[in-house]
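Right, one structure below, let's go through it.
The values are calculated or read from the model by the stated rules, or taken from the named source; none is laboratory data. It should be emphasised that the depicted structure is a prediction, and the values quoted were computed from it without experimental measurement. Cβ atoms come from the backbone with ideal geometry, glycine included; neighbour counts cover every protein chain shown.
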């Protein structure tokens, strides 16, 4: 293939792959924005973590997953960590909250070790099944369903990341497949949505 | 004459190795998301050969077991995972193992890092067993690889 054609293709692919900050959210927009959920769980150091209070005035990304999840969960978290490196000024005021929906298998230590693969600032939460179900319901996601025993088990859980802007409202969701460029775009927009504005 | 034959054979084997193509089935983009827990996912694209075949499973010295899994998407947006018995690869067809879809799961995988390579032996119903080398990549980049 002629070099010029290859170059054109390469440029086209590059253009498609990178949405420069467009001013518009690339995630699944929640319109109108919804209130932040109210729930308290336990963080990886064993302390209570009241989600609404701890994330007040910050950009918050909430995700329900489990440690033993090799396909979806690590990609979301690794992408966010990578984008944090690109926009440290946004990362500083962003709280990433990973809630393990698998309390029988994921100990606090295991959750901490898992999250440290990505970014040691990421918050890990756990709780009883009842507490976790309540947190998921409050956050508007279907509570995870765990079936099976021993090593043979499945966890069906919400596959998207929920984003709350510093104004305390739920503005967008990020399904699996969101690209780093879309994260970078949206985190900058969401970080600027402070109290009183959308 | 013999030397020429040997060097010709060597070239053929080098070619086979380069594209991980054995028995006319071809594997491309074999990659493993660097493990962040006990398991890691392997993805690749397989192109079928002259005859139908079926991927029955795999094994690797880097994992205690390799299973075929599928990430399922519920109508309510939930995701889950199911073990799959085998994957059909029709003659000339394509089989994509990709993030968020069908993948192979390396159970109790060694702590490999991005930049490493892991040998995985694929077991086929008709095509026998042969080994591919999968590149370990950062999960942050897996969708863009």
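Looking at the range A:134-177, what strands (runs of 3 or more DSSP E) fall wholly within it and have at least 3 residues that are touching a residue at least 12 places away in the same chain (Cβ under 8 Å), within 9 Å of another protein chain (Cβ to nearest Cβ) and over 22 Å from residue A:194 (Cβ atoms)? So that I can check it myself, show each step before the final result.
On the way: elements: A:145-149, A:152-158, A:161-164, A:169-174.
By residue number, A:152-158.
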Working only within the range A:10-35, note down all residues that are under 16 Å from residue A:174 (Cα atoms) and either part of a strand (DSSP E or B) or at pLDDT 95 or above (or both).
-> A:25, A:26, A:27, A:28, A:29, A:30, A:31, A:33, A:34
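Which is more than 13 Å from every other protein chain (Cβ to nearest Cβ), under 19 Å from residue B:26 (Cβ atoms) and free of Cβ contacts under 8 Å to residues at least 12 places away in the same chain, of B:117, B:129, B:125? Full working, then the answer.
On the way: B:117 fails: free of Cβ contacts under 8 Å to residues at least 12 places away in the same chain; B:125 fails: free of Cβ contacts under 8 Å to residues at least 12 places away in the same chain.
Answer to the check: B:129.
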From the residues in the range A:88-108 that are part of a loop (DSSP other than H, G, I, E, B) and within 14 Å of another protein chain (Cβ to nearest Cβ), which one is farthest from residue B:99 (Cα to Cα)?
-> A:107
At pLDDT below 95, touching a helix residue (DSSP H, G or I) at 6+ places or on another chain (Cβ under 9 Å) and over 13 Å from residue A:33 (Cβ atoms) - does that describe any residue in the range A:149-157?
-> yes
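Name the residues in the range B:77-86 that are at the interface with chain A (Cβ under 7 Å from one of its Cβ atoms) and either in a loop (DSSP other than H, G, I, E, B) or loosely packed, with under 15 Cβ neighbours inside 10 Å (or both), would you?
Initial filter on the range B:77-86 (at the interface with chain A (Cβ under 7 Å from one of its Cβ atoms)): B:77-82.
Result: B:77, B:82.
Taking residue B:29, is it touching a strand residue (DSSP E or B) at 6+ places or on another chain (Cβ under 7 Å), assigned to a strand (DSSP E or B), surrounded by 13 or more Cβ atoms within 10 Å (Cβ to Cβ) and modelled with pLDDT of 90 or more? Walk me through how you get there before you give the answer.
Numbers: touching a strand residue (DSSP E or B) at 6+ places or on another chain (Cβ under 7 Å): yes; assigned to a strand (DSSP E or B): yes; surrounded by 13 or more Cβ atoms within 10 Å (Cβ to Cβ): yes; modelled with pLDDT of 90 or more: yes.
Judged against the criteria, residue B:29 is a match.
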Say we look at the range A:183-198 and pick out the residues that are in a helix (DSSP H, G or I) and in contact with a strand residue (DSSP E or B) (Cβ under 8 Å, 6 or more places away or on another chain); which of these is surrounded by the fewest Cβ atoms within 10 Å (Cβ to Cβ)?
-> A:191
Single condition residue A:77 does not satisfy, out of (1) over 12 Å from the mean Cα position of the chain (by Cα); (2) crowded, with 23+ Cβ neighbours inside 10 Å = (1)
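One residue is enough: does the range A:73-85 have a residue meeting the conditions in a loop (DSSP other than H, G, I, E, B) and at pLDDT 95 or above?
So in the range A:73-85, the residues in a loop (DSSP other than H, G, I, E, B) come out as none.
Checked the range A:73-85: no residue is in a loop (DSSP other than H, G, I, E, B) and at pLDDT 95 or above.
Right, residue B:112: more than 10 Å from the chain's Cα centre (by Cα), closer than 19 Å to residue A:72 by Cβ and either away from every other protein chain (no Cβ under 11 Å) or assigned to a helix (DSSP H, G or I) (or both) or not? Before the answer, list the steps.
Working: more than 10 Å from the chain's Cα centre (by Cα): yes; closer than 19 Å to residue A:72 by Cβ: no; either away from every other protein chain (no Cβ under 11 Å) or assigned to a helix (DSSP H, G or I) (or both): yes.
No, not satisfied.
Test residue B:96 against the stated conditions and say whether it is in a strand (DSSP E or B), over 16 Å from residue B:27 (Cβ atoms) and within 12 Å of the chain's Cα centre (by Cα). Break it down into steps so the answer makes sense when it comes.
Working: in a strand (DSSP E or B): yes; over 16 Å from residue B:27 (Cβ atoms): no; within 12 Å of the chain's Cα centre (by Cα): yes.
So residue B:96 does not fit the description; no.
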Within the range B:53-76, restricting to residues that are modelled with pLDDT of 95 or more and outside any strand (DSSP E or B), the one that is nearest to residue B:128 (Cα to Cα) is B:60
When the range A:48-72 is examined, which residues are found to be in a loop (DSSP other than H, G, I, E, B), within 19 Å of residue A:119 (Cβ to Cβ) and more than 14 Å from chain B (Cβ to nearest Cβ)?
-> A:55, A:58
